[in-house]
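A short worksheet on the structure shown next.
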Amino acid sequence: MTLPRSVRAGYGSGSVATGAFGTVPGLMLLPYLTDTLGVAALTAGAIVLLPKAWDVILNPVAGRISDRTVDPRGPRRPWLLRGGIGLAVGFALLFAAPALPLAAEAAWVLVVFLATATAYAFFQVPYVAMPAELTDDYDERTHLMTWRVAILALAILVAGGTAPLIRDAIGGRDGYRAMGLAMALLMLVGVLSAYAGTRRAPIGAVAPGAGGLRDQLRVVAETRDFRLLLTAFVVQALAFGAMLAGVDYLATWVLDGGATILFVCFVAPALVFTPAWTRAGVRLGKKQGYVLATLLVVLGAVLLIGARSLPTWSVYVATALVGIGYAGAQVFPMAMLPDVAAADAARTGESRVGVFTGIWTAGETLGLAIGPGLFALMLALGGYVSSSGDDVTQPSSALTAIVLGFSLVPAALALLSLVWLRGYARPPRPRGP
C-alpha cells in the first residue's frame with residue numbers, strides 16, 4: 001500500500017522530537033556536567049547512563065502497553081501526545097538546575113533526566129512501532145523511512161548545530177537554560193506535528209499477541225533475524241554515542257573551537273545522501289547497503305585517529321565521511337525492523353510490533369547512553385580535568401583520550417557490528433491483502 005505524501009511527512013515530523021532528544025543530551029549534557037557544574041568525569045558518565053539504563057527496562061513495557069491500548073485514535077497516537085508533552089516539559093527543566101551544592105545539582109540532573117527519559121519512552125516506542133502497521137508494502141516502508149531519516153537528519157542538524165550557538169551566545173548557566181527551553185519548544189513542535197499529521201493514517205488490524213510480557217519477550221528473543229539486527233544496531237549506537245559525546249571536547253581542546261562546524265560535518269551529509277542510500281537499498285538490498293554504510297563509518301573514524309596532527313580541514317572531511325555512512329546506518333536498520341516485525345505477524349497472525357519496537361528502542365537507548373559513558377571513561381583514564389567554568393589546562397594524555405574516544409573506539413565498534421549483521425537474512429516479502 002502506497003501512503004499519501006501527507007502521511008509520510010506527518011509521520012516523519014515526529015523525528016524532530018526524537019532527533020532533538022537523541023542528539024542534544026548526548027552532545028551537551030556531559031560537557032554541562034564536567035565543565036559547568038564541575039562534576040567528575042566518571043560521575044558525569046554515570047548520570048548520563050543511568051536514566052537511559054532505566055529506559056532499557058521501561059521501553060518493552062511501553063511497547064506492550066501501546067499494543068494493548070484501545071482508543072478511537074488508534075493504539076499509538078494517544079501516546080505520541082501524552083509522552084511527547086512530558087518530554088518537552090522535562091527537557092526544559094533538565095538544564096535549569098538552581099544554584100545548589102554540587103551534589104544537589106548533580107542529583108537534580110539525574111532525577112529530571114530520569115523523568116524526561118521516562119516520558120520519551122512512551123513517545124518513542126509507539127512512534128517507532130507505527131510503520132509496521134501503516135503499510136504492508138516492503139518497499140513502501142523504505143520510502144517511509146526515507147522521510148523519517150531525512151527529517152531526522154534535519155532535526156539533528158538544527159538541534160545539534162544551534163544548541164551550542166545558543167549556549168555560547170548567552171554564556172554560562174543562563175546559556176544552558178536558554179538552550180534547554182529552545183530545544184524543548186522544538187521537540188514540542190515535532191510532537192504536535194506527528195500527532196496531527198498521522199490522524200488520517202491507516203492502522204493495521206492485526207490482533208495483539210497472547211500471553212504476558214515475559215512470554216512476548218521470550219518469543220521475540222527467539223526471532224533470530226531480529227536478534228542479529230538488534231545487536232548490530234546497538235553496537236553501532238555505542239559508536240555513534242561516543243562520537244556525539246566527543247564533539248564538544250574535540251572541538252574545544254584539539255581544534256581550538258568549531259563545535260558547530262564539526263557537528264554539521266557529521267550530520268549534514270545525511271541530508272544529501274539519504275535519498276542515495278534509499279536508491280542503493282533498492283539496487284543492492286537493505287542488508288548490503290547497511291554493510292556498505294558501516295564500512296564508510298569505519299573508514300572515516302580510522303582517519304580521525306590522527307586528528308591531533310592533521311590539518312583542521314581534513315578532520316572535517318573525515319567526519320563528513322563518517323556522516324555519509326551514518327545516514328545509511330540509520331536508513332537501513334529502521335527499514336529492516338518493520339520487515340522483521342511484519343514477517344513475524346504474517347507467520348503467527350499476532351502483532352508483537354510494540355514489543356519488538358520496545359526492545360529495539362531500549363537497545364538503541366542503551367547504546368546511545370553507554371557511548372557517552374564509554375567516552376567519559378576514556379576521559380577519566382586520560383586524566384581529564386573537570387571544572388566549574390574556570391580556565392584549566394588539559395594534560396597531553398587527556399587530549400589523546402579525547403581523540404581516541406572520538407575515533408578508534410567508534411571505528412572498532414562499527415567494525416565489530418558486522419559480525420552480527422553478516423548473519424542477518426532478509427525476511428520474505430509479505431503478500432498483500
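Where a number appears in this text, it was derived from the coordinates with a stated rule and is not lab data. Computed from a prediction, not measured in an experiment: that's the story for all the values here. No Cβ is skipped: glycine too gets one built from the backbone with ideal geometry, and neighbour counts run over all protein chains shown.
Points to keep in mind about this one:
- Directionally averaged shadow of region 216-338, computed from the convex hull of its alpha-carbon atoms, nm²: 8.2 nm²
- The L299 and R218 beta-carbon pair, evaluated with R₀ = 45 Å, returns a calculated FRET efficiency of approximately 0.70.
- Over 19 Å [Cα-Cα, region 291-433], rounded percent: 64 percent
- Label-point separation in nm, D71 to R422, each point 7 Å along Cα→Cβ: 4.4 nm
- Across region 54-123, the fraction of Cα-Cα pairs farther apart than 17 Å, rounded to a whole number, is 49%.
- Annotation: for a label point projected 7 angstrom from Cα along Cα→Cβ of V272, residues of region 322-343 with backbone N closer than 17 Å are 322-329.
- Counting only the Cα atoms, region 298-381 fills a convex hull of 103 Å³ per residue.
- Using the Cα coordinates of the chain, the gyration tensor eigenvalues translate into equivalent-ellipsoid semi-axes of 34, 24, 19 Å, sorted from longest to shortest.
- Distribution of pairwise C-alpha distances over region 1-64, 10 Å bins, in %: 18, 31, 28, 16, 6, 1
- Considering only G306, G190, G371, the mean-square fluctuation computed in a Gaussian network model of the chain, springs between alpha carbons under 10 angstrom, is largest for G306.
- The base-10 log of I(q)/I(0) for region 1-135, evaluated at q = 0.09, 0.16 Å⁻¹, reads -0.32, -0.83 [Debye formula, identical scatterers on Cα atoms, solvent excluded].
- Extension gain from L165 to L50, taking 0.36 nm per residue of separation minus the Cα-Cα distance: 38.6 nm
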